[in-house]
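**Student:** Provided herewith is a single structure, encoded as structure tokens, for subsequent inquiry.
What follows is calculated from the coordinates using simple rules that are stated; it is not laboratory data. This one's a predicted model, so the numbers in the text were calculated from it and none came from an experiment. Methodologically, a virtual Cβ is constructed for each residue, glycine included, from the backbone with ideal geometry; neighbour enumeration extends over all protein chains shown.
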Amino acid sequence: MFLINCPYCGERDQSEFVSGGEAHIARPKQPTELNDDQWAEYLFMRKNIKGIQFERWNHAHGCRKWFNVARDTSNDKIEKIYKMGEQPPKL
Amino acid sequence: MKNKYSIFSLIKNAFSNHENWQRAWRDPEPKKEYDAVIVGGGGHGLATAYYLAKKHNLRNIAVVEKGWIGGGNTGRNTTIIRSNYLWDASAGLYDHALKIWEGLSQELNYNVMFSQRGVMNLAHNLQDVRDLKRRTHANRLNGIDAVWLETDEVKKFCPIINTSQDIRYPVLGGTLQKRAGTARHDAVAWGYARGADEMGVDIIQNCEVKGIKRSGDTVEGLETTKGFIKTKKIGVVAAGHSSVIANMAGLKLPLESKPLQALVSEPVKPIIDTVVMSNAVHAYVSQSDKGELVIGAGTDSYVSYTQKGSFNIVEETLKAILELYPIFSRMKMLRQWGGIVDICPDASPIISKTSIKGLYFNCGWGTGGFKATPGSGDLFAHTIANDEPHKLNASFNINRFVSGDLVDEHGAAAVAH
């Protein structure tokens, strides 16, 4: 349970948001050329980091916009919030 | 040799105020080298060590645990045991475990308080009814006991359920597995620990794994807070922290670790003599032998290792509980906690070899691993000892995420787990 500072709406309770999981997993540019290992990597394999993880979040019960969050999963502390398309911050 | 627990030893020790019980397991320092090391001293890890020693005669082995044994998800679950899963592979896996549960207290000479009080799953809409009936048929084809109950039969089996058709999610029926039930979770860890220790297994607590040493694609040992331990076989049973250990070996797993919550009420007189689960409204409840209601809530939607969980998840569950059991409206909840569960994309576990020789993973049990503890240990021990899976866990290999041969138990398994 924590607060998230939506870049569009401001600080709201986490329950207003939906987690979109690990960020910066690029959609394959040439899906037809992927082999099974690459598909497994893209679809299923996750870093699942204990520590600072980069994630996508959606303000589902608010502006419904997506953005990125750098969050420490060992204590749920949010280090940085940045917009979609931006590179992950150096922390 | 350990003293046998019995009614006579209980009476004998009563005369000395229970101050002279023999120690149940030793507290050894790690040796320099073992034939195999199990990472994680929960129920699954201790069961693995127990069966490695008992069935595969591997006695020079150790279990390393970063905290105390049974202090993770083994001590944090809602102790529900059942085997009514949809798919053949899952049915085989979970019923294997259930069959071991049925004789476990005798085998371990440790009362795990296994109670076959039945588990009932409720249906609240037409799709639930179809899914649960389908699952009942699938169970029976696999030789697993399952019956469909109409609403009046649900009421008869558990009279305190509100079966009024005027509530938001009315009870339209349910399934019942009579062989299912509960067990005392701590006793499972302690019983396996005592049994493994007797066969010479070193159970090393307060020993955190810090790294996995490899030479090429073969494991050489473990870096721990108690020094380096050389071994050729490492079995990782670290539940929510499986990915953390995998990262040390340069592996990625298809897991996400999330908090799952449970809570217990103040103790009251016996009121519910079975386990009732409801997937649609995500509420399940049973009563412990102490009299506390044991209530399971859902997982948070985000990855976290905090062992806490969000309040709104508990609120949702309690809303559903109150609608289904109006009699609980004045109950006070005493304790709430979270455990970190490692969830696979197909909601089925991984009991598997890996691309690194000598490194094995038993993980991905998600929200429902407790019920499988004995079977999981037995099959993982087989996999480690033979370097090959048993036929019952062959489907639960890590390669299924590459081949696409998933065992999709989402929803189909009457989940809530």
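**Student:** Which ³J(HN,Hα) values in Hz, rounded to whole numbers, follow from the phi angles of the range B:222-227 under the Karplus curve 6.51 cos²θ - 1.76 cosθ + 1.60, where θ = phi - 60° and Gly and Pro get x?
**Tutor:** So the J values, rounded to whole Hz, are 10, 8, 10, 5, 10, x.
**Student:** Right, another one. Based on alpha-carbon positions alone, could you give the equivalent ellipsoid semi-axes of chain B from the gyration tensor, as √(5λ), descending, whole Å? Present the calculation step by step, with values, prior to reporting the outcome.
**Tutor:** Details: eigenvalues 249, 129, 76 Å².
Values for chain B, descending: 35, 25, 19 Å.
**Student:** Label-point separation (nm) for B:LYS155 and B:THR225, each offset 7 Å from Cα along Cα-to-Cβ?
**Tutor:** About 5.6 nm separates the two model spin labels.
**Student:** Considering the Cα positions of the range B:129-271, please state its Rg to one decimal place and its Dmax as a whole number of Å.
**Tutor:** Gyration radius and largest Cα-Cα distance of the range B:129-271: 23.4, 65 Å.
**Student:** So what does the Cα-only Debye profile of the range B:197-348 read at q = 0.15, 0.19, 0.21 Å⁻¹, as log10 I(q)/I(0), no solvent term?
**Tutor:** -0.89, -1.11, -1.24
**Student:** Return the FRET efficiency for the residue pair B:SER329, B:MET199: r is the Cβ-Cβ distance, R0 is 56 Å, and the value is rounded to the nearest 0.05.
**Tutor:** My answer for the efficiency is 0.65.
**Student:** What's log10 of I(q)/I(0) for the range A:28-79 at q = 0.18, 0.23, 0.27, 0.30 Å⁻¹, Debye sum over Cα points only, no solvent?
**Tutor:** Log10 of I(q)/I(0), two decimals: -0.79, -0.89, -0.95, -1.02.
**Student:** Next question. Suppose R0 equals 35 Å; then what is the FRET efficiency for A:GLN38 and B:ASN312 from their Cβ-Cβ distance, rounded to the nearest 0.05?
**Tutor:** On the way: r = 38 Å, r/R0 = 1.08.
With a Förster radius of 35 Å, E is 0.40.
**Student:** Here's something else I'd like to know. How would B:CYS207, A:CYS9 line up from fewest to most surrounding beta-carbon atoms within 10 angstrom?
**Tutor:** Sorted ascending by nearby Cβ count, the order is A:CYS9, B:CYS207.
**Student:** Could you go through the range B:243-251 in sequence order and give the Karplus-derived ³J(HN,Hα) for each residue, using 6.51 cos²θ - 1.76 cosθ + 1.60 with θ = phi - 60°, rounded to whole Hz, and x for Gly and Pro?
**Tutor:** Once θ is set to phi - 60°, the couplings for the range B:243-251 become 5, 4, 5, 4, 4, 5, 9, x, 10 Hz.
**Student:** In addition: Can you tell me what share of the DSSP beta bridges in the protein assembly as shown is antiparallel? A percent to the nearest 5 is fine. Write down the numbers at each step before the final one.
**Tutor:** On the way: 68 of 88 bridges.
Counting DSSP beta bridges with both partners in the protein assembly as shown, the antiparallel share is about 75 percent.
**Student:** Full-extension gain between B:ARG59 and B:LYS391, please, as 0.36 nm times their residue separation minus the C-alpha to C-alpha distance.
**Tutor:** Length gained, B:ARG59 through B:LYS391: 117.1 nm.
**Student:** Tell me the Kirkwood hydrodynamic radius of the range B:87-127 in angstroms, computed as one over the mean inverse distance between distinct C-alpha pairs.
**Tutor:** 12.6 Å
**Student:** Output the pairs from A:LYS50/A:LYS77; A:LYS50/B:LYS210; B:LYS32/B:LYS54; B:LYS210/B:LYS232; B:LYS252/B:LYS357 with a Cα-Cα distance over 21 Å in this structure; if there are none, say none. Don't skip to the answer; put the middle values down first.
**Tutor:** Details: A:LYS50/A:LYS77 12 Å; A:LYS50/B:LYS210 14 Å; B:LYS32/B:LYS54 23 Å; B:LYS210/B:LYS232 17 Å; B:LYS252/B:LYS357 15 Å.
Over 21 Å apart, Cα to Cα: B:LYS32/B:LYS54.
**Student:** Stretched out fully, how many nm does the piece from B:LEU10 to B:LYS99 gain, at 0.36 nm a residue minus the Cα gap?
**Tutor:** Stretched fully, the B:LEU10-B:LYS99 segment lengthens by 29.2 nm.
**Student:** Further, regarding this structure: In Å, the Kirkwood hydrodynamic radius of the range A:1-52 over pairs of distinct alpha carbons?
**Tutor:** 13.9 Å
**Student:** Restricting to Cα pairs below 8 Å that are 6+ residues apart, what does the relative contact order work out to for chain B? Please round to a whole percent.
**Tutor:** 22 percent
**Student:** Another question, if that's okay. Where Rh is the Kirkwood radius over the Cα pairs of the range B:63-105, the temperature 20 °C and the viscosity 1.002 mPa s, what D in µm²/s does Stokes-Einstein return?
**Tutor:** 173 µm²/s
**Student:** Something else now. For A:MET84 and B:ASP289, what is the calculated FRET efficiency with R₀ set at 51 Å and r taken between the beta-carbons, to the nearest 0.05?
**Tutor:** Values: r = 52 Å, r/R0 = 1.02.
The calculated FRET efficiency here is 0.45.
**Student:** Rank these for me by crowding, B:PHE157, A:PHE2, B:PHE370, going from fewest to most other beta carbons within 10 Å.
**Tutor:** Ascending number of Cβ neighbours within 10 Å: A:PHE2, B:PHE157, B:PHE370.
**Student:** Still on this structure, please answer the following. Starting from the 7 Å offset along Cα-to-Cβ, what nm value, one decimal, do you get for the label separation of B:ASN20 and B:LEU141?
**Tutor:** 6.1 nm
**Student:** Now for a separate question. If the viscosity is 0.692 mPa s and the temperature 37 °C, what Stokes-Einstein diffusion coefficient in µm²/s follows for the range B:119-213 when Rh is the Kirkwood radius over Cα pairs? Walk me through the numbers on the way to the answer.
**Tutor:** Details: Rh = 16.9 Å.
Once the numbers are plugged in, D ends up at 194 µm²/s.
**Student:** Considering all projection directions equally, how large on average is the shadow of the alpha-carbon convex hull of the protein assembly as shown, in square nanometres? Provide the component values of the computation, followed by the final result.
**Tutor:** Details: hull surface 103.4 nm².
Quarter of the Cα hull surface area: 25.9 nm².
**Student:** Let me test this: with uniform point scatterers at the alpha carbons of the range B:269-417, what is the Debye-based log₁₀ I(q)/I(0) at q = 0.09 1/Å?
**Tutor:** -0.37
**Student:** Cut-off is 10 Å between beta-carbons; in what order do A:ARG12, A:ARG46 appear when sorted fewest neighbours first?
**Tutor:** Listing A:ARG12, A:ARG46 from fewest to most nearby Cβ atoms yields A:ARG12, A:ARG46.
**Student:** Sticking with this one: Over the Cα atoms of the range A:2-91, what radius of gyration and what Dmax do you get, in Å?
**Tutor:** 14.4, 43
**Student:** Please report the spacing between the Cα centers of the range B:74-116 and the range A:74-91 in Å, no decimals.
**Tutor:** 42 Å
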